[in-house]
Every structure is written in structure tokens, then in C-alpha cells.
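Read through the structure below, which is laid out as C-alpha cells, and then see the notes.
The values are calculated or read from the model by the stated rules, or taken from the named source; none is laboratory data. None of the values given here were measured: they were computed from a predicted structure. Positions of Cβ are backbone-derived with ideal geometry, glycine not excepted, and every protein chain shown enters the neighbour counts. Only protein heavy atoms, including side chains, enter the accessible area calculation; ligands, DNA and RNA are left aside. Shrake-Rupley method; radii C 1.70, N 1.55, O 1.52, S 1.80 Å.
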Amino acid sequence: PPKKAGKAGAKKVTYDYSDLKEGMRVQAESDGVYYAAEVVTVSESKSRAKAPVKISFKGYDSSYNEWVSGDRLRSKAVKKVVPEAEKRPPLEFNFGYWKIRGLGAVFRMIFEYKGVKYTDNQYAAGEDWFGKAKSEILEKTPLANLPYVECGSDVVCQTNACLNFIGNKLRLNGGGYKARLLNDQLLCEIYDVRNTMIEISYPFKNVCRDDAEHKAKAESHCHGKAFSKFEAILEKSGTDYFCGKSPCTSDFHIWEMLDQHKLLAAKHGCKDIFEDIPKCKAFYDRFRAIPSLQKYFESEDYKLPVNNPIANAYFKKSLRQQVARVAPSRAAGAHRGSVRGRTSRWVDSGGTRQALVAVDVIAVFAAVAVAAWPWRVA
């Protein structure tokens, strides 16, 4: 029967025979069995390169002498020489998102957790992204949006696509078929929770038309069952993290949303969000204590506003509780500026749902919609 092909990319093994001398006792293989043998000679001829050692089997005459290679010999004098694997350059990511926590915090935590090299492009204003930066990404992909991730020649946009991409690169998508399947579902499920937060937080969604409506709906949301499904997953699995014994990409987004909901509840004096979800509370504390994330939690990135203050978000406070307060008269004057230059920065395009297909269109919508209610800041 034909021989089976070796594994793709297997390292080629060669042998060093320099310590092998005539008369040395060795063991030599014949028909799958090793026999006592003696070295007759070691050839340096190129024609004998594949089997340079002539041996004689103990107890057999010279007609049984044979030329063999190192893979058929057992002797300390025969050394394997395995070439060093070609070193691949370490992974390096180029990441882009608004200068807020939002969706960006999820990626920043993942990069810090894995200790990879990355560049964090934070866009503080609309023109920072919609100007040169977006044009550069558009040259690489027509799907340019925030967040985006670049690694090597790959450019990926849209949140869950980016998370799956870096999850594959960093082995954070789950260890096994079922874990990967669960991780994919959890990424979608937590994005639904995140979308509800966005609807409550931003006026251009028209869910909360004023601050009073925001407060009422925020309190109702915090007292609701936003994380009941996640509690059930932990209850069923009995694991420390949602997809197993170590974090996957979904764990980072779930933790970020738990933290944001904790801040939202504190802002409005709501009850402890963990009161009815003890498993999630244990997960929250366990994740917060991960050693490789402490640098992030002590950094300025963790203190960024949760949502975009210049988007007139009702809920935008950072851990510092330092939010810029703009007088209504000054804000009204800002409305009279360029719609494209001013209102485009209101849109958190990284978290767009189906309704936010075209950012520039939404920017115009936001300008018109906001005019219907007073400029309000928390």
C-alpha cells in the first residue's frame, strides 16, 4: 500500500553521526524489530547521505550487513538535528474607535489581557474620524466603520466580526465546538443588551425624548431582567466564565455591560443590579481581579466616558464623574454650525443597528431630531 503522507509543515529531521565510530555497539531496526548490531563504517560520501552507516547484526554473517540511516538506529552517539522553526513576527493590531469606553473598552481589555502589541486610535471628534482616518480605511475596505481592527493585511469592521477575528487570532473564541457556538450566541445576546442601553442613552434614537424619560426608563431597565439569561448560563454550566474555565471574547463584552449597568444604576440611585444575579456578581468580581487587566483598570482608558458626551448622551459619565457641562445658549449656537462637521460626532457608529446604516444620513436626522427638544446634559 502507498505510504501515508507526512503532516503538512512537519520539520525535516536530520542526524549527526560525528560521534559514531567503527566497532561501536548499537541497536538496528529490521522489519520493525531492533537487534544488537555493530558499526562497520560511517560513510561521508554524498551517494550514501540517506543511509550512511553500515552495520552488521550480531550472530549473523556479513550477507546480512546493511546500510541504514539514523531513524533505524538506537545509540547515544546518534543525535537528531531539528532545524529551528522559522520565527513568525509577533501579532500586532491596529484598532480604531471613539475616545469613549463604549465598544472600545471590550477590545482594549482583550489586548491587555493577552499582552499583545496594539495601537489604539481614539477619535475624539467627528472630523477626526470622518476626515482622513475613514478615507484611509475606505481605501482598504468599502465597509469602513468603527470599530475596526487591522492585523497584517487583514482589515475587519463591525463589532462582532472584529471580535471573532481577534478571537481566532488570540484563541479566545472557545476551546471546542460547543464552546465556540456558545460564545457566538453570547456575543449576539450581549449586543442586544448593549443596544437597549444605547436607546436609553442617546436622544437621536428618540426612545427617550427628554431627561425625565431617560431617568424613568433607565430605572425600569436596571430593575429588569437584562442579565437573567446570562445568570442562567452560569447556573447551568457551573464554570468560572461563560464558555469555560477561562475568558472568551463574550466574557469581555458581558463584563463591560455589567460595569456600565452598575454605573447607570448608581447614577439614578437604583438597587444593586447584582441583587438577583449572584452568579454574575461572582463572575464580575473574578474578572475584575484578573492580574493582566489591572494595568487597564488603573489607566486613563478605563476612566473615559461610557458614552459620547458630544453626542448629547443622557448617560455619559466616566468613573471620574467628570462630564463637561455646556450652557444651553452655547449649545444652541453650536446647532447653527455645519451639520456634517458638528452632528456627525453625535453618532456612535460603532454600535449601529440596522436603523443606523448610513452615518451621514443619521447625522442629518440627529440634527433635526435634537432640535425638537432642549439641549440637555446630565
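Quick check on D16: is it more than 30 Å from N160 (Cβ to Cβ), open to solvent by less than 60 Å² (accessible area, probe 1.4 Å) and among the acidic types (D, E)? Considered against the rule, which asks whether it is more than 30 Å from N160 (Cβ to Cβ), open to solvent by less than 60 Å² (accessible area, probe 1.4 Å) and among the acidic types (D, E), D16 comes out as yes. Of the residues screened, Q158 is not one that is open to solvent by 60 Å² or more (accessible area, probe 1.4 Å), within 18 Å of the chain's Cα centre (by Cα) and closer than 22 Å to A282 by Cα.
Residue pairs whose Cβ atoms lie under 6 Å apart, separated by 6 or more positions or on different chains, with the first residue in the range 272-291 and over 18 Å from M109 (Cα atoms) and the second of a type in the set (F, W, Y) and open to solvent by less than 20 Å² (accessible area, probe 1.4 Å), are I277/F227; C280/F227; C280/F230; K281/F274. The set of residues from the range 216-239 being over 12 Å from F283 (Cα atoms) and open to solvent by 70 Å² or more (accessible area, probe 1.4 Å) comprises K217, S220, H223, K225, K229, K236. Among the residues making up the range 107-133, those that are on the phi < 0 side of the Ramachandran plot, open to solvent by 50 Å² or more (accessible area, probe 1.4 Å) and under 17 Å from the mean Cα position of the chain (by Cα) are Y113, K114, K117, Y118, T119.
Per the listing A179, A144, the residue uniquely assigned to a helix (DSSP H, G or I) and open to solvent by 10 Å² or more (accessible area, probe 1.4 Å) is A179.
With respect to the numbered conditions (1) of a type in the set (A, V, I, L, M, F, W, C); (2) within 30 Å of V13 (Cβ to Cβ); (3) part of a strand (DSSP E or B), which one is the sole condition not fulfilled by A51? Unmet for A51, out of (1) of a type in the set (A, V, I, L, M, F, W, C); (2) within 30 Å of V13 (Cβ to Cβ); (3) part of a strand (DSSP E or B): (3). Here Y34 passes the criteria (1) surrounded by fewer than 16 Cβ atoms within 10 Å (Cβ to Cβ); (2) in contact (Cβ under 8 Å) with a residue 40 or more places away in the chain; (3) part of a loop (DSSP other than H, G, I, E, B) except the one numbered (3). For the range 1-30, give me each residue that is modelled with pLDDT of 90 or more, more than 16 Å from S62 (Cα to Cα) and assigned to a loop (DSSP other than H, G, I, E, B). Once the filter is applied, which keeps residues that are modelled with pLDDT of 90 or more, more than 16 Å from S62 (Cα to Cα) and assigned to a loop (DSSP other than H, G, I, E, B), the range 1-30 yields Y17, S18, D19, L20, K21, M24.
Considering the range 78-106, the residues that are free of Cβ contacts under 8 Å to residues at least 60 places away in the same chain and open to solvent by less than 30 Å² (accessible area, probe 1.4 Å) include one that is nearest to A144 (Cα to Cα), namely G96. Of everything in the range 240-271, what is open to solvent by 50 Å² or more (accessible area, probe 1.4 Å) and at negative phi? Give them in sequence order. Across the range 240-271, the qualifying residues are D240, K245, S246, K262, A266, K267, K271. Only residues that are in a loop (DSSP other than H, G, I, E, B) and of a type outside the set (A, V, I, L, M, F, W, C) were counted across the range 120-141, and they come to 3. Of the residues making up the range 182-215, those that are open to solvent by less than 20 Å² (accessible area, probe 1.4 Å), part of a helix (DSSP H, G or I) and among the hydrophobic types (A, V, I, L, M, F, W, C) number 8. In the condition set (1) open to solvent by 40 Å² or more (accessible area, probe 1.4 Å); (2) at pLDDT 70 or above; (3) in contact with a Lys or Arg (Cβ under 6 Å, 6 or more places away or on another chain), R320 is compliant with all but (2).
For L138, the conditions (1) surrounded by fewer than 17 Cβ atoms within 10 Å (Cβ to Cβ); (2) under 14 Å from D251 (Cα atoms); (3) of a type in the set (A, V, I, L, M, F, W, C) are fulfilled apart from (2). Just wondering, is there one or more residues in the range 248-257 that are assigned to a loop (DSSP other than H, G, I, E, B) and modelled with pLDDT of 85 or more? For the range 248-257, residues assigned to a loop (DSSP other than H, G, I, E, B) and modelled with pLDDT of 85 or more: present.
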